[in-house]
Amino acid sequence: MSKPAIPVVVVFTILPFLFSAGGAFATQTEFSVWLNTLRAEALEQGISTSTLDSALADIEPVERVIELDRRQPEFTQTFWNYIDARVTNWRIKKGRVMLKKHRRLLKQVEAQYGVPPRYLVAFWGLETNFGNNLGTFPTVASLATLAYDPRRSAFFRMQLLDALRIVDRGHVAPASMLGSWAGAMGHLQFMPATFIAYASDADNDGKKDIWDNLTDVFASGANYLSSVGWRHGELWGREVRLPSDFDWELAQLQNKKSVARWAALGVTRADRTPLPQRNDILGAIVLPQGHKGPAFLVYENFETMLHWNRSINYAITVGHLADRIIGLPTLRTGREADNRNLSREQALELQQELNAMGFNVGKPDGIIGARTRHAVRNYQKKVGLPADGHPSISILRTISEARL
Ligand code: CA
């Protein structure tokens, strides 16, 4: 389930709020005062005193949670480095074993929600290695830490109140409510708000148990995907080949055309066979590693997967892992792309260079987002390079040299 976005804010100015100069938590009293206001709000929302007594007893901020939350990514991982680290032989094989082992249950879930087994197994494999790594952080304490921290307090306060509601409804005992440092829980790493909205008690025992009951786990995942728009009978997308005269500007997620229209533009399957002549299915071309990397034609289900996690690399990885689990081939194209990770410093430099040339990326922060991609594309268009909008070390070198 979607992790909160990696912190953008520069960190050390905020730390003293939670830590004394010596590094230990300083303001226990302040935290207690804060916890009392939280408790009052929870009571107002109808959460019972007994739940609050048990779930909030002896709660303290978790120092490790703040450390992990402040951790900055050192680089922007390339698509290949991202997917190769995740779609491993181990995961494919284990996925096949799990698909077979739980086929009956997964088929029942598909019949009810329309989400095919391979996708649920792929999400499961990526989120928690098929349940092997649910996380050992106490959810209420972790969320209380993040809600007390001013950086994203509103978001985490809401999640914390939902976590308390989950306990109050009797789905899990506070001591068993464990998960990631950021509050994602169970086999599919649901945040509490996602649990409240989509978790399912599929075996009808009165508990939505996403920690220890696969019937509930798979139904909850499928209910979520189906609720946010999963289309039964459609794929997530597929690897394709683009013609040599392809207009790179067409490769944008929001630029949708029918599959038949893409075929007419010269797009084929990766094995060079024709795409199906479908006018009723819309897709977009996505180039996660620029025009020299692999190309994907992604359908509406791809955008549904982006609800789960907003990362394009993540969604392609889920789709490809699902394909591999059912025996489809490995990716065929694009290995020749520049595969050097862009360090945070290099990303910052790229943003500064673009700004200096009048391609506005906003305030440089070393994190590649839509504005940076847009600026790269505009730069490429201006100088006659393939306008794929892909920030890479090659483009940084080109720009730096041009500016010397
Ligand atoms: Ca249940």
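The values are calculated or read from the model by the stated rules, or taken from the named source; none is laboratory data. These numbers come from a predicted model, not from an experiment. Positions of Cβ are backbone-derived with ideal geometry, glycine not excepted, and every protein chain shown enters the neighbour counts. With ligands, DNA and RNA removed, areas are computed over all heavy atoms of the protein, side chains included. Shrake-Rupley method; radii C 1.70, N 1.55, O 1.52, S 1.80 Å.
Tabulated results
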item	result
Inter-label distance for residue 33 and residue 356, nm, one decimal - labels placed 7 Å from Cα along Cα-to-Cβ	4.8
Rounded to the nearest 20 debye, dipole of the chain from Cβ charges on Lys, Arg, Asp, Glu	1600
HN-Hα J in Hz across region 391-404 - Karplus 6.51, -1.76, 1.60, θ = phi - 60°, x for Gly and Pro	x, 8, 5, 4, 5, 4, 4, 4, 5, 4, 5, 4, 8, 6
In degrees, nearest ten, helix 153-168 long axis to first principal axis of the chain (Cα)	60
Residue among 78, 285, 154 farthest towards the positive dipole end of the chain, charges placed on Cβ	285
Packing rank of 293-305, 52-64, where each peptide gets the mean count of other beta carbons within 10 Å, highest leading	293-305, 52-64
Between region 219-253 and region 78-124, the Cα center-to-center distance that results, in Å	17
Angle in degrees between helix 103-113 and the longest Cα principal axis of the chain, rounded to the nearest 10	90
FRET efficiency, 1/(1 + (r/R0)^6) with R0 25 Å, evaluated for residue 201 and residue 173 via beta carbons	0.95
Accessible area per residue in Å² at 1.4 Å probe, computed on the chain	46
Region 350-404 and region 151-218: distance between their alpha carbon centers, rounded to Å	42
Subset of 107/207; 256/381; 94/256; 257/381; 256/292 violating a 24 Å alpha-carbon distance limit	94/256
Ranked by how many other beta carbons lie within 10 Å on average, peptides 40-47, 381-388, 138-145 from highest	138-145, 381-388, 40-47
Positive-end residue, the chain charge dipole about Cα centroid, Cβ charges, pick of 215, 178, 230	230
Label zone at residue 64 (point 7 Å along Cα-to-Cβ), backbone N below 13 Å, region 148-180	179-180
Rounded percent of accessible protein surface that carbon and sulfur make up, the chain, 1.4 Å probe	51
Filtered GluC sites (Glu not before Pro), region 325-373: DSSP coil and at most 12 other beta carbons within 10 Å	336
Inter-label distance for residue 345 and residue 373, nm, one decimal - labels placed 7 Å from Cα along Cα-to-Cβ	2.7
Derived scalar couplings ³J(HN,Hα) [region 127-135; Karplus, 6.51 cos²θ - 1.76 cosθ + 1.60; whole Hz; x for Gly, Pro]	6, 9, 6, 6, x, 7, 9, 7, x
Added length on full extension, which subtracts the Cα-Cα distance from 0.36 nm per residue, residue 272 to residue 75	67.5 nm
Rounded to 10°, Cα long-axis angle of helix 214-227 versus longest principal axis of the chain	60
Estimated distance in nm for a label pair at residue 228 and residue 88, the labels positioned 7 Å out from Cα along Cα-to-Cβ	2.6
Sequence-distant residues sharing a close amide H with residue 178 (under 5 Å, placed H)	139
Relative packing of peptides 28-34, 76-82 - highest average C-beta neighbours within 10 Å first	76-82, 28-34
